[in-house]
1. Rank by packing, highest mean first: peptides 35-41, 134-140, with packing defined as the count of other Cβ atoms within 10 Å averaged across residues.
2. Using the Karplus curve 6.51 cos²θ - 1.76 cosθ + 1.60 with θ = phi - 60°, work out ³J(HN,Hα) for each residue of the range 256-263 in order, rounded to whole Hz, and write x for Gly and Pro.
3. With everything on Cα atoms, drop me the angle between helix 284-304 and the longest principal axis of the chain, reported from 0 to 90° to the nearest 10.
4. Let me have the 222 nm mean residue ellipticity of the chain computed from DSSP H runs of 4+ only, each contributing -39500 (n - 2.57), with the sum over all residues rounded to the nearest 500.
5. Could you give the dipole magnitude of the range 178-225 about its Cα centre, charging the beta-carbon of Lys and Arg +1 and that of Asp and Glu -1, in debye to the nearest 20?
6. Return the subset of LYS31/LYS52; LYS129/LYS218; LYS12/LYS156; LYS63/LYS258 for which the Cα-Cα distance in this structure is over 21 Å, preserving the input order.
7. What's the ranking of 158-165, 91-98, 218-225 by average number of surrounding C-beta atoms within 10 Å, highest first?
8. Report, to the nearest 10°, how far helix 97-113 tilts away from the longest principal axis of the Cα atoms in the chain, using its own Cα long axis and a range of 0 to 90°.
Amino acid sequence: MKVLVSDSISSKGVEILKKAGFEVDVKTGLKPEELKAIIGEYDALIIRSATKVTADIIESADKLKVIGRAGTGVDNVDKVAATKKGIVVMNTPGGNTITTAEHAIAMLFSLARKIPQATASMKAGKWEKKKFMGVEIYNKTLGIIGLGRIGSEVAKRMQCMGMNVLAYDPFLSDERAEELGITKTDLDRLFSESDFITIHTPLTAETKYLINKDTIAKMKNGVYIINCARGGIINEKDLYEAIQSGKIAGAALDVFEKEPPEEGYPLIADERVICTPHLGASTVEAQENVAIAIAEQVVDYLINGTIRNA
Ligand code: NAD
Ligand code: MLT
């Protein structure tokens, strides 16, 4: 059987596929028309986030049995079109959880202490000690929207740093909240009491523009916002305006509605916004985890017909 790996993944994953006896082609950076032209030869397609598996690509995928995403979100796959064609879509949601939680926490500290701005200032030859006054996070309230895998890991770690944690998640049970020692709350309370808000939900019809001018109005003055989940959960125009007015003191963004954003995008140009180019899952460990997991899952499916998302 033939497997196409169309985004770069750790070589450990490729080795597993080859050891299982598959013919593996690693072809990254394909244009949509190039992928469409060759997809018909393959039994499995392994992707990260760059490859967009549209209905048009799927139409030509006549032998394809499985699409494996080395990562969490499967937003770059047309799942309806894949399902109609009998193609299984699988992901590896557990492999980058800790790494992404650590990234969100790094963003939170960077926001509180203006570390990226101070670094840029020193690299420009300046010594602006007064300009970069920070805030402590100790005894502050952290509002977590979405208490799944990543949100829970953020909660556990930030409780150890002395933060009071509030969480909003419509699917969170009272038992789980109690087990984590966090206060389960509604969104209005989370907005009105949090000093920092971090988002860890998928992008769905319910979470699209969850952070917008109306919800921002309910927040504390001077709140900080972190988004390492998905672009589109925050209305970026409303966020920009709230930062200009001082309502929001700063934002840390790893994900954007359009990736990469336009050059000179005002939100990114603003000094109170710190940002990373969708690096949440980018550690050696996480990339090995997701590559190994997706390779094993694809092997299991093609050989034994077993479906799992590790
Ligand atoms: P998860 O499924 O384990 O957790 C998501 C949580 O969001 C669930 O507990 C769910 O109940 C909750 N939720 C769903 N709808 C909600 C709503 N309307 N309001 C509040 N909560 C809601 O997912 P995860 O692995 O923790 O990932 C969280 C997000 O992070 C996803 O969007 C994922 O794609 C993203 N992610 C980003 C990176 C990155 O590189 N930046 C890396 C990994 C994951
Ligand atoms: C994910 O969904 O796992 C993340 O967006 C990370 C990525 O693969 O870039």
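Any read-out appearing in this document is the output of simple, stated calculations on the displayed coordinates, not a laboratory observation. Given the structure is predicted, the values throughout are model-derived calculations rather than measurements. Methodologically, a virtual Cβ is constructed for each residue, glycine included, from the backbone with ideal geometry; neighbour enumeration extends over all protein chains shown.
1. Highest mean packing first, the order is 35-41, 134-140.
2. 9, 4, 10, 10, x, x, 4, 5
3. Computed tilt is about 30 degrees.
4. On the way: 13 runs with 119 residues, N = 310.
The helix contribution divided over the chain gives -11000 deg cm²/dmol.
5. Result for the range 178-225 is approximately 260 debye, rounded to the nearest 20.
6. Table pairs above 21 Å Cα-Cα are LYS129/LYS218; LYS12/LYS156; LYS63/LYS258.
7. Listed from highest to lowest mean packing, they are 91-98, 218-225, 158-165.
8. So the helix axis and the longest Cα principal axis differ by about 30 degrees.
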